[in-house]
């Protein structure tokens with residue numbers, strides 16, 4: 001963050017202490033405070049203002065209702081605000097506006113985080129970059145990312161999430177992106193938005209929220225977006241369809257990744273990546289589009305594609321005792337990401353069987369059972385050998401799969417581990433996927449512990 005005098009902290013008033021002191025960072029978690037930070041007490045954070053000060057915070061910001069309590073402490077410097085969240089948002093806006101950093105905002109039904117992390121990695125040797133940390137994609141996380149922009153930052157890669165109409169527009173109003181990316185439109189948050197058209201409209205708010213002269217990166221030939229994208233928008237498209245500006249034209253699957261060939265506005269670009277699956281190949285197409293808009297050397301971009309970091313619980317693969325591979329993709333799930341994971345399971349070379357441990361997909365609304373049946377049918381169609389359905393709603397996977405797979409219904413993650421252990425064989429590959437509400441992220445660890453304990 002560019003050092004900020006306390007007297008200049010927006011939406012606040014210095015109640016005690018030296019207003020000329022400069023903050024060099026912002027924190028909202030007392031455990032993450034670094035010396036020189038301004039600690040903003042959001043919600044229950046007011047109970048941790050003394051811990052934040054002890055950790056090195058130069059001042060704390062509390063809402064008006066808590067000022068009296070704060071003044072009773074020995075904290076030397078205290079600021080008051082009408083809204084801690086609004087204060088944070090204003091600081092993010094002011095900090096971003098004080099730099100020349102170009103802002104990239106990434107949204108979409110799936111692939112936001114993977115695309116964000118891949119893009120940040122791909123450009124890091126050509127531009128000084130700041131990227132959103134895990135989960136920093138809402139009305140609190142987005143401005144926190146903006147506060148991490150320094151005077152020498154050239155690109156800020158941000159993630160914009162939403163769970164309802166107007167939320168992406170609100171994020172863009174804090175600090176508008178220069179480049180807006182929509183990875184895809186799919187069935188996510190259907191329970192809250194009601195239709196694919198409403199989801200597309202909510203995601204497309206980024207198109208209206210760009211800075212003047214801003215550019216869009218969109219999936220090619222996505223009719224759901226057509227009604228919401230301004231006619232005069234500057235658009236770069238990506239996909240595997242002919243006509244895409246960034247077109248995936250060839251994909252060769254390897255044990256440890258894939259070899260990809262793209263046409264970038266008609267010019268051939270080849271790369272080898274550690275990321276697996278067609279969905280990652282498409283996400284990389286979107287990232288390449290952004291790299292080109294940023295004026296990067298694409299050959300250097302391609303050279304960095306072989307070691308892209310994977311976010312936690314998003315396709316992490318581990319070899320367990322007995323030669324069993326387990327894929328932890330349990331960070332979240334919706335029909336589109338389930339399809340991507342199952343197709344990847346089907347195409348990955350495997351000596352043994354393909355086993356899918358599937359938890360529920362949350363927030364799908366009244367048609368949730370149908371979506372689960374469709375995923376089960378897909379599992380059978382692509383060649384999954386066994387499905388372990390975890391939880392009541394997940395039983396619909398087995399209804400959809402019918403006799404096409406060997407199916408088991410279990411109550412929870414612990415029961416899923418027991419079921420897998422009862423049937424798994426050397427050479428099998430186990431996919432673990434579900435929404436966070438299913439709690440399946442613990443399954444790979446439990447499997448590893450049990451299999452290691454039973455190894456001769």
Quick check on this structure: which one of 282, 251, 278 is touching a helix residue (DSSP H, G or I) at 6+ places or on another chain (Cβ under 6 Å) and either within 15 Å of residue 344 (Cα to Cα) or crowded, with 20+ Cβ neighbours inside 10 Å (or both)?
251
Scan the stretch 299-349 for residues that are farther than 16 Å from residue 123 by Cα and part of a helix (DSSP H, G or I) and report the count.
13
Look through 416, 389, 422 and report the one residue that is crowded, with 21+ Cβ neighbours inside 10 Å and in a helix (DSSP H, G or I).
416
Out of 191, 197, sole residue that is surrounded by fewer than 17 Cβ atoms within 10 Å (Cβ to Cβ), in contact (Cβ under 8 Å) with a residue 60 or more places away in the chain and part of a helix (DSSP H, G or I)
191
Restricting attention to the stretch 203-214, and to residues there that are in contact with a helix residue (DSSP H, G or I) (Cβ under 6 Å, 6 or more places away or on another chain) and more than 9 Å from residue 177 (Cα to Cα), which single residue is surrounded by the fewest Cβ atoms within 10 Å (Cβ to Cβ)?
205
Is there a residue being closer than 25 Å to residue 52 by Cβ, without any contact (Cβ under 8 Å) to a residue 40 or more places away in the chain and in a helix (DSSP H, G or I) anywhere in the stretch 106-127?
no
Among the residues of the stretch 216-231, write down those that are within 30 Å of residue 98 (Cβ to Cβ) and surrounded by fewer than 20 Cβ atoms within 10 Å (Cβ to Cβ).
230
I need the full set of residues from the stretch 31-41 which are outside any helix (DSSP H, G or I) and surrounded by fewer than 18 Cβ atoms within 10 Å (Cβ to Cβ), in order please.
34, 35, 36
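One line per residue, one yes/no per condition, for (1) over 16 Å from the mean Cα position of the chain (by Cα); (2) farther than 19 Å from residue 200 by Cα; (3) modelled with pLDDT under 95; (4) not assigned by TED's automatic domain parsing to the domain that holds residue 204:
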position	(1), (2), (3), (4)
120	no, yes, no, no
127	yes, yes, no, no
140	no, yes, no, no
154	yes, yes, no, no
163	no, no, yes, no
What number of residues within the stretch 1-27 are over 14 Å from residue 79 (Cβ atoms) and not in a strand (DSSP E or B)?
4
Of the numbered conditions (1) surrounded by fewer than 23 Cβ atoms within 10 Å (Cβ to Cβ); (2) modelled with pLDDT under 95; (3) touching a strand residue (DSSP E or B) at 6+ places or on another chain (Cβ under 6 Å), residue 455 satisfies every one except a single condition; which is it?
(3)
Scanning the stretch 354-386 for residues that are in contact with a strand residue (DSSP E or B) (Cβ under 6 Å, 6 or more places away or on another chain) and part of a loop (DSSP other than H, G, I, E, B) gives 384, 385
Checking the conditions here, which among 402, 453 is out of contact with any helix residue (DSSP H, G or I) (no Cβ under 9 Å at 6 or more places or on another chain) and outside any loop (DSSP other than H, G, I, E, B)?
453
Taking residue 231 as meeting all but one of (1) within 22 Å of residue 114 (Cα to Cα); (2) assigned to a loop (DSSP other than H, G, I, E, B); (3) modelled with pLDDT under 95, write down the number of the exception.
(1)
For residue 296, all conditions in the list (1) touching a strand residue (DSSP E or B) at 6+ places or on another chain (Cβ under 6 Å); (2) farther than 24 Å from residue 435 by Cβ; (3) modelled with pLDDT of 95 or more; (4) not in a helix (DSSP H, G or I) hold save one; what is the number of the exception?
(1)
Within the stretch 262-275, which residues are assigned to a strand (DSSP E or B) and surrounded by fewer than 15 Cβ atoms within 10 Å (Cβ to Cβ)?
267, 268, 270
If you go through the stretch 68-114, how many residues are surrounded by fewer than 17 Cβ atoms within 10 Å (Cβ to Cβ) and more than 31 Å from the chain's Cα centre (by Cα)?
7
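The values are calculated or read from the model by the stated rules, or taken from the named source; none is laboratory data. Keep in mind that what you see is a predicted model, and the values were worked out from it rather than measured. Reconstructed Cβ throughout: ideal geometry from the backbone, glycine too, with neighbour counts over all protein chains shown.
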